[in-house]
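Structure first, commentary second.
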Amino acid sequence: MSEGIALIEKKMRSTGLSEVAIQAFLFQYQKLLDNDTGLIPEEAIQPIAQLPSLDERELPEGIGDYLHQTLVLKLNGGLGTSMGLEKAKSLLRVRGDLTFLDIIVKQFLQLRASTAPGLGLFFMNSFSTSDDTIEALLSYQELGDPKRMQLLQNRVPKIDKETLLPISWPSNPALEWCPPGHADLYVCLYGSGLLKKLLDAGKKYLFVSNADNLGATLDPNLLRFFAESGAPFLMEVTRRTPSDRKGGHLARRLDSKRLVLRESAQCPEKDLDYFQDIDRHRYFNTNNLWIRLDRLFEELTAGAGYIPLPLIRNEKNVDPRDKKSPKVFQLEAAMGAAIECFDGAAAVEVPRSRFSPVKTTNDLLAVRSDAYEVDESFRVGLRAKRRGVPPKVDLSDDYKLVDQLEELVAAGIPSLVRSRSLTVKGPWRFVAGIDIVGDVRFENGSGEVREVKPGLYEDRVVEG
């Protein structure tokens, strides 16, 4: 134990990481040594039967005062490696020539110009996304120096599964490190001194969301609801569907009466049926969070700069591309788990439209299609005729990577505004003028690329 702690402290200090970051990681490391599973049995919680809900409404009067005290922070540490990307995922084109980053910035600038000149914007970047993001933001001169909009995520050592010591990998030392999860936001805000500066500047409210969630706009109605609720921490949740059965859910501790997030890794095996019952446990976390900065500062000060969150222990190979390389633990914590740490924390049910992440090329093709539109405020959403239901896109592994998807739709993106589902199996190429209606499947087992001819395809299977 003492050897591991000493090696971790030396390793992290040598790279200039703050003492707060070091102590936060050692807190999680101690949980690993203690074999702390963090399990939450069903008998320790009660389901949430009902929550206040809030649909989008007209811009409320007097919202400007709240907006002047508000900051928007986008979690922007991911590379999108699962889709074959090597730059910041936020630089991926999602609508025409607009990237995630373009949409975020244009939304911010439009709201700042029309309503809230004091509104602030930050990006929490990782070491992998920092340079790309700063370079891209330089094209928006009205933002000022993009380096002043950055909160740089910490990095933490990977832990050898066999020895429980920091892994050494001389052939590629960069692989000895990993990100500590979104909960590092709290450590970074405090350890960098930024949180204190924001409070001194009169900032009070923080809205946090993932950069790849196109539905996570700064909704003034939600801001007003949060500000007037008096809650220190507000989580946006939405109803679980059958596709969300294996995802985490919101509940309430029986002993403390506080809200708690239970992830699948925290559920005892005997309780899995309860966990996957979406009628019993109805709500999941969108990772759109609203936080009172003054209350966050109080909690972090009381906790020596970090919040004591449950450990997430991910088992990986030290080299993700080499399945024979040694097994390591990557120690993380979830940002939303902090809901349990604030007395008076609350949750609000929001429309599913506020949870529209682009995680796969399936999602990307749907968002690029005419099933979605961009409004005058640069908000991306489903067209009204979709009635809130996105088309289901299922692409085979031939299109798992963005480059492969680009080849599929190089000559044209099919119309999906009237589609229920689009399935593409095998090598195909779309051209302009393709209209998909109802449920359509393209199946090609020949191994040779087939071209989809222009025209209407409705409730049918097309074989190559």
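Among the residues of the stretch 1-16, is any of a type outside the set (Phe, Trp, Tyr), crowded, with 17+ Cβ neighbours inside 10 Å and within 25 Å of the chain's Cα centre (by Cα)? The answer is no; no qualifying residue exists. What do you reckon, is Val417 touching a residue at least 12 places away in the same chain (Cβ under 8 Å), surrounded by 17 or more Cβ atoms within 10 Å (Cβ to Cβ) and not hydroxyl-bearing (Ser, Thr, Tyr)? For Val417, the condition - touching a residue at least 12 places away in the same chain (Cβ under 8 Å), surrounded by 17 or more Cβ atoms within 10 Å (Cβ to Cβ) and not hydroxyl-bearing (Ser, Thr, Tyr) - is met.
Name the residue, out of Lys324, Lys270, that is out of contact with any strand residue (DSSP E or B) (no Cβ under 6 Å at 6 or more places or on another chain), farther than 25 Å from Gln153 by Cα and modelled with pLDDT of 95 or more.
Numbers: Lys324 fails: modelled with pLDDT of 95 or more.
Sole residue among the options that is out of contact with any strand residue (DSSP E or B) (no Cβ under 6 Å at 6 or more places or on another chain), farther than 25 Å from Gln153 by Cα and modelled with pLDDT of 95 or more: Lys270.
Which of the residues that make up the stretch 384-400 are part of a strand (DSSP E or B) and under 21 Å from the mean Cα position of the chain (by Cα)?
Of the stretch 384-400, the ones part of a strand (DSSP E or B) are 392-395.
If the condition is that a residue be part of a strand (DSSP E or B) and under 21 Å from the mean Cα position of the chain (by Cα), then Lys392, Val393 are the ones that fit.
Only one of the numbered conditions (1) surrounded by fewer than 19 Cβ atoms within 10 Å (Cβ to Cβ); (2) touching a residue at least 60 places away in the same chain (Cβ under 8 Å); (3) not charged (D, E, K, R) is not met by Ala231, and that is (1). Against the list (1) assigned to a helix (DSSP H, G or I); (2) without any contact (Cβ under 8 Å) to a residue 60 or more places away in the chain, the condition Leu79 fails is (1). Residues satisfying the criterion are present in the stretch 346-369 (criterion: at pLDDT below 90 and assigned to a helix (DSSP H, G or I)).
Scanning the stretch 186-202 for residues that are crowded, with 16+ Cβ neighbours inside 10 Å and on the phi > 0 side of the Ramachandran plot turns up nothing.
When Leu17, Leu73, Leu26 are checked against the criterion of being in a strand (DSSP E or B) and under 22 Å from Ser192 (Cβ atoms), Leu73 stands alone in meeting it.
Any idea which of Tyr399, Tyr306 is buried (at least 21 other Cβ atoms within 10 Å of the Cβ), assigned by TED's automatic domain parsing to the domain that holds Asp184 and aromatic (Phe, Trp, Tyr)? Walk me through it before giving the result.
Details: Tyr399 fails: assigned by TED's automatic domain parsing to the domain that holds Asp184.
Selected residue: Tyr306, the only one of Tyr399, Tyr306 that is buried (at least 21 other Cβ atoms within 10 Å of the Cβ), assigned by TED's automatic domain parsing to the domain that holds Asp184 and aromatic (Phe, Trp, Tyr).
Contact annotation: residue pairs with Cβ atoms under 8 Å, 6 or more positions apart or on different chains, pairing a residue in the stretch 364-376 that is of a type in the set (Lys, Arg) with a partner that is at pLDDT 95 or above and part of a loop (DSSP other than H, G, I, E, B), are Arg368/Val409; Arg368/Ile413.
Close Cβ contacts (under 7 Å, 6 or more residues apart or on different chains) running from residues in the stretch 127-145 that are touching a residue at least 12 places away in the same chain (Cβ under 8 Å) to residues that are among the charged types (D, E, K, R) comprise Phe127/Arg155; Asp132/Lys87; Ile134/Lys147.
Residues considered: Thr217, Thr238. Of these, the only one that is β-branched (Val, Ile, Thr), surrounded by 21 or more Cβ atoms within 10 Å (Cβ to Cβ) and out of contact with any Phe, Trp or Tyr (no Cβ under 6 Å at 6 or more places or on another chain) is Thr217. Return the residues of the stretch 283-322 that are touching an Asp or Glu at 6+ places or on another chain (Cβ under 9 Å) and farther than 28 Å from Ser18 by Cβ; say none if nothing qualifies. Tyr283, Phe284, Thr286, listed by residue number.
The values are calculated or read from the model by the stated rules, or taken from the named source; none is laboratory data. Only a predicted model underlies this, so the values are computations on that prediction, with no experimental measurement involved. Neighbour counts run over all protein chains shown; Cβ positions are idealised from the backbone, glycine included.
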